[in-house]
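What follows is one structure encoded as structure tokens, with my remarks underneath.
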Amino acid sequence: MTAPILEMRGIAHRFGGLDVLADISLNIAAGEFVSILGPSGAGKSTILRILTGGQRPDRGEILFEGTTLEASRQPFAFMPQRDALMPWRRVLDNTTLGLEVQGVKRAEARRRVQPLFAEFGLEGFETHYPSELSGGMRQRTALLRTVVQQRPMMLLDEPFGALDALTRFGMQRWLEAMWTHHSWTAILVTHDVREAVALSDRIYVLSPRPARIVHEIEIDLPRPRTVAGPHQPQMTAIENTILELLLHPKEE
Ligand SMILES: Nc1ncnc2c1ncn2[C@@H]1O[C@H](COP(=O)(O)OP(=O)(O)O)[C@@H](O)[C@H]1O
Ligand SMILES: [Mg+2]
């Protein structure tokens, strides 16, 4: 594997008396799509919050491109677990928000997002308010806002968690196609085994809280994986292996 763009080494964290992260070490190379898969409450969002500087870890270190990640340096575009669209801003003005926070002027930010509206299935909805969109469109809006920031790496926290099963599946298929086309570097946090197997180059499986990495799996299957094909028995086998790990974590 090429030199990692991001490394987390021995990260541990407690909230008061609650031991959340026991020992998290992971890495990701440029162009890789890596999932962190674990049960609810394991500490997945906490890992992302530590990366974005919202939370200081008690132990461990984070390296980005080989040097310590300082809070002042923010190489990540972060899509939080709740879509966090601002209800009073139109869709267009929600998608420019990340750029505006970076200091890009609104006119320039609009010029950059506009060509992406069609690809994100949002064309014609630029002047709508978030409340006028379907759940899938809201998530695509939030994702567009993340992608357009053109940071070296994206952090996606359960981007489809709030969607109904069919919309969710459609979004996974769409995201897979987008990724195949753009090869963005990303960490996806999810508790959905199928989603992780369908989308990832590699998966880290977490134990329940206090979280440690119990398994790392490289998913060496052809894409697209969200359409029927000869890869499906292998996908199912991998899913079953991971489900066993999640349902019957080994006692220490
Ligand atoms: N700011 C906080 N203060 C205290 N406890 C927190 C805080 N953030 C998260 N927790 C607790 O840490 C645990 C892990 O939370 P989280 O990282 O959100 O899990 P996940 O994203 O895997 O569902 C949960 O028990 C949660 O209640
Ligand atoms: Mg979470």
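Any idea what the dipole of the chain comes to, in debye rounded to 20, about its Cα centre with Lys/Arg Cβ at +1 and Asp/Glu Cβ at -1? Before the final figure, lay out the partial values.
On the way: 28 positive and 30 negative charges, 159 e Å.
Here the size comes out at about 760 debye.
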- [ ] List the residues of the stretch 62-92 whose backbone N lies under 18 Å from a point placed 7 Å from the Cα of residue 119 along the Cα-to-Cβ direction.
- [x] 77-79, 92
TODO: Can you find, among 156, 141, 184, the residue farthest towards the positive end of the dipole of the chain? Put +1 on the C-beta of Lys and Arg, -1 on that of Asp and Glu.
DONE: 141
Task: Computed magnitude of the charge dipole of the stretch 83-151 (debye, nearest 20; Cβ of K, R +1, Cβ of D, E -1) - done: 220 debye
Task: Accessible solvent surface per residue of the stretch 83-151, calculated while the other protein chains remain in place, 1.4 angstrom probe, Å² - done: 49 Å²
Open item on the list: Rg/Rh for the chain to two decimals, with Rh computed the Kirkwood way over all alpha-carbon pairs.
Closed with: 0.96
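Between residue 9 and residue 239, how high is the FRET efficiency from 1/(1 + (r/R0)^6) when r is the Cβ-Cβ distance and R₀ = 30 Å? Nearest 0.05.
Values: r = 29 Å, r/R0 = 0.98.
Computed FRET efficiency for residue 9 and residue 239: 0.55.
With the Cα gyration tensor of the stretch 127-206 in hand, convert its eigenvalues to equivalent ellipsoid semi-axes via √(5λ) and list them largest first in whole Å. Don't jump to the answer; show the numbers that get you there.
Working: eigenvalues 85, 53, 25 Å².
Those come to 21, 16, 11 Å.
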Open item on the list: If I compute solvent accessible area with a 1.4 Å probe over the protein chains, what percent of it on the stretch 83-151 is carbon and sulfur?
Closed with: 50 percent
- [ ] Could you work out the relative contact order of the stretch 83-151, using alpha carbon pairs under 8 angstrom and six or more residues apart, expressed as a whole percent?
- [x] 50 percent
Task: residue 213 - accessible surface, heavy atoms, 1.4 Å probe, Å² rounded to 10 - done: 50 Å²
Open item on the list: Viscosity 1.002 mPa s, temperature 20 °C: give me the Stokes-Einstein translational D for the stretch 61-199 in µm²/s, with Rh taken as the Kirkwood radius over C-alpha pairs.
Closed with: 137 µm²/s
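So, by mean Cβ neighbours within 10 angstrom, what's the order for 229-237, 120-128, 41-49 with the highest one leading? Please list the in-between numbers first.
On the way: 229-237: 12.2, 120-128: 15.2, 41-49: 22.1.
Ranked from most to least packed, the peptides come out as 41-49, 120-128, 229-237.
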Open item on the list: Taking only Cα atoms of the stretch 83-151, what ratio of Rg to Rh do you get with Rh as the Kirkwood inverse-distance radius?
Closed with: 0.92
Task: Positive-pole candidate from 208, 95, 198, dipole of the chain, charges at beta carbon - done: 95
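On a full-extension model of 0.36 nm per residue, what is the gain between residue 52 and residue 165, subtracting their alpha-carbon distance, rounded to one decimal in nm? Walk me through the numbers before you get to the answer.
Values: separation 113, 0.36 × 113 = 40.68 nm, distance 2.94 nm.
Residue separation times 0.36 nm, minus the Cα-Cα distance, leaves 37.7 nm.
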Task: Additional length obtainable on full extension of the chain from residue 129 to residue 102, 0.36 nm per residue less Cα span - done: 7.4 nm
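Quick one: ranking 67, 96 by accessible area, 1.4 Å probe, largest first, what do you get? Walk me through the numbers before you get to the answer.
On the way: 67 75, 96 0 Å².
Highest to lowest solvent-accessible surface, that is 67, 96.
The values are calculated or read from the model by the stated rules, or taken from the named source; none is laboratory data. Computed from a predicted structure; not experimentally measured. Ideal geometry is used to build each Cβ from the backbone, glycine not excepted, and the neighbour counts take in all protein chains shown. Just the protein is used for accessible areas: all its heavy atoms, side chains included, with ligands, DNA and RNA removed. Shrake-Rupley method; radii C 1.70, N 1.55, O 1.52, S 1.80 Å.
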